[in-house]
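Just below is one structure, and these are the notes that go with it.
The values are calculated or read from the model by the stated rules, or taken from the named source; none is laboratory data. Because the structure is a prediction, the values reported are computed rather than measured. Here the Cβ is made from the backbone with ideal geometry for all residues, glycine too, and neighbour counts use every protein chain on show. Note: areas computed on protein heavy atoms with side chains; ligands, DNA, RNA excluded. Shrake-Rupley method; radii C 1.70, N 1.55, O 1.52, S 1.80 Å.
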Amino acid sequence: MKILVTGGLGYIGSHTCVELLKEGYEVVVIDNLSNAKEEVKDKIKEITGKNIKFYLGDMIDENLLDKIFTEEKIDAVIDFAAYKAVGESVQKPVEYYTNNISTVLVLLKEMKKHNVKKLVFSSSATVYGNPEHVPIKETDKTGGTTNPYGTSKLFVEQILKDLYKSDNAWDIAILRYFNPIGAHQSGLIGEEPNGIPANLMPYIAKVASKELECLSVFGNDYPTKDGTGVRDYIHVVDLAKGHIKALEKLEREQAGLYIYNLGTGIGYSVLDIINAFEKVNQVKVNYKIAERRPGDIAECYSDPTKAKQELGWEAKLTIEDMCKDAYNFILKNKNN
Ligand code: WQD
C-alpha cells in the first residue's frame, strides 16, 4: 500500500513514516518545511534503511497535489500538515484557519478527484475544550475550544463528518491525540528544539541540559492531587503506531467514519513529570511555581478503551521512556 503523509517530516509525521516503513508500506511525503527540516528524510532512512519519496511544497497548491495523486497511485492519506502552536494561533487566527482548514479542503478535493477515499486525520484532545469530566470518552461533548488552533481541528472534524454524510464511500479515521512527548529511541528524530518551547517536556529537557535556566510551573492551586495541571502524556512512537492500527482498520472496513482517542489513560501532574525526568536521567530540573497560564485546564486525560477494542492498539511506553527519550534527543541535537 502506498501512503501519502502530509507534513511527514514534522514531529509526529516523521515518527509515523518510520513505523509505516517498518511495516512495509510505501511512503510519499509532502511537506513545506515550515516547521521541519529536509534532513529528517535522511534520518528516517538511517533508522529504517528505506527511502521515502519527498515532495517539497504546500498542500494549498492544488496542481502539486494533482501531480502527486496522478504520479504516485496513492491508496490512503495521513494528514498531519498543520500549524500547532496554541499561543501563536491566538495572535494569527487567519493564518491558522487558512493553513489548517483550506489545505484540508484542497486535499479532500484532490482525493475525491483521484478516487482516494481513505484518510487518517490528525486531530487533538483540544477539541473537548474544558472537559466536563475525566477520563474523556470519544462520545463526550466537544466544543468550547479556547483558541483558533483548537477550533481549526474542531472545524475540520465537522467537515469530515459532513463529507462522510454526503458520500459514505469515504473511509475516515479521526485521531484525537492527548499530549505527545518523547522522541525516537535513536535520538535521530524528535521535536525540533528551536526557540523557547511553549510545551512542558521540551522546556524541561532544555532546563536539564542548561540551555534554559528555570522552568515555571504554571499554577499549584488546581484541584488536582498536588495542585499542578494533570495531562495524558503519550510517547510519540506509541502515537505513531496508533496510525498504523488506524490504517489497518480502514483497510478492513472499506468505508466508515471512526473517532479514536490516542492516549495512555493515565494522568500525570507537572510535578510527576519533573520527578520522573530527574530520576530517570539523573539530572536536576530547576523550577519555580508561577501564575496559572491563561486558558489552561486542571485535568485532561483519555479513556483509551475504544482504540484498544476496535484497533487493537494501546500505548506501551512508560513515562520513564518518554523522559529518557526526550532528553536523549535534546542532548544529541543540542548544537544544531
Ligand atoms: C502541559 C502542562 C501546563 C509549560 C498543548 C495543546 C494541546 C496539545 C498539546 C496539540 C500544563 C504545564 C507547561 C511550562 C508548565 N497539542 N506547563 N510550564 O497545554 O496540555 O496542551 O499541547 O494538539 O492542544 O494545548 O500542553 O505541554 O503546554 O502543558 O507548568 O513551561 O504543563 O500548565 O499543565 P497542554 P503543555
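Report whether or not Lys316 is of a type in the set (D, E, K, R), under 30 Å from Lys2 (Cβ atoms), in contact with a helix residue (DSSP H, G or I) (Cβ under 9 Å, 6 or more places away or on another chain) and in a loop (DSSP other than H, G, I, E, B). Yes; evaluated as a whole, the condition is true for this residue.
If you go through the stretch 288-309, how many residues are surrounded by fewer than 16 Cβ atoms within 10 Å (Cβ to Cβ) and in a helix (DSSP H, G or I)? Here the count works out to 3.
Scanning the stretch 63-110 for residues that are of a type in the set (Asp, Glu), crowded, with 18+ Cβ neighbours inside 10 Å and farther than 23 Å from Tyr177 by Cα turns up just one, Glu110. Among what's in the stretch 199-222 and is open to solvent by 30 Å² or more (accessible area, probe 1.4 Å) and assigned to a loop (DSSP other than H, G, I, E, B), pick the residue that is nearest to Asn333 (Cα to Cα). That would be Glu211. Apart from one condition, Lys84 fits all of (1) under 26 Å from Glu192 (Cα atoms); (2) without any contact (Cβ under 8 Å) to a residue 40 or more places away in the chain; the exception is (2). Only one of (1) within 13 Å of the ligand (Cβ to nearest atom); (2) open to solvent by less than 10 Å² (accessible area, probe 1.4 Å) is not met by Asp171, so which one is it? Failing condition for Asp171: (1). Selection of the stretch 23-39 for residues being crowded, with 19+ Cβ neighbours inside 10 Å and touching a helix residue (DSSP H, G or I) at 6+ places or on another chain (Cβ under 7 Å) yields Val27, Val28, Val29, Ile30. What's the number of the only condition in (1) open to solvent by 10 Å² or more (accessible area, probe 1.4 Å); (2) in contact with a strand residue (DSSP E or B) (Cβ under 7 Å, 6 or more places away or on another chain); (3) of a type in the set (D, E, K, R); (4) within 15 Å of the ligand (Cβ to nearest atom) that Arg176 fails to meet? The failed condition is (1). Restricting the stretch 183-212 to residues that are at pLDDT below 95 and closer than 26 Å to Thr48 by Cα leaves a set whose member that is nearest to the ligand (Cβ to nearest atom) is Glu191.
Do we find that Tyr260 is open to solvent by less than 30 Å² (accessible area, probe 1.4 Å) and hydroxyl-bearing (Ser, Thr, Tyr) in this structure? Taking the combined requirement at face value, the residue satisfies it. Summed over the stretch 40-62, residues that are open to solvent by less than 50 Å² (accessible area, probe 1.4 Å) and either aliphatic (A, V, I, L, M) or outside any loop (DSSP other than H, G, I, E, B) (or both) total 9. Restricting attention to the stretch 151-184, the residues that are within 19 Å of Leu107 (Cα to Cα), polar (S, T, N, Q) and under 15 Å from the mean Cα position of the chain (by Cα) add up to 1. Looking across the stretch 267-287 at every residue that is out of contact with any strand residue (DSSP E or B) (no Cβ under 6 Å at 6 or more places or on another chain) and open to solvent by 80 Å² or more (accessible area, probe 1.4 Å), the one that is nearest to the ligand (Cβ to nearest atom) is identified as Asn275.
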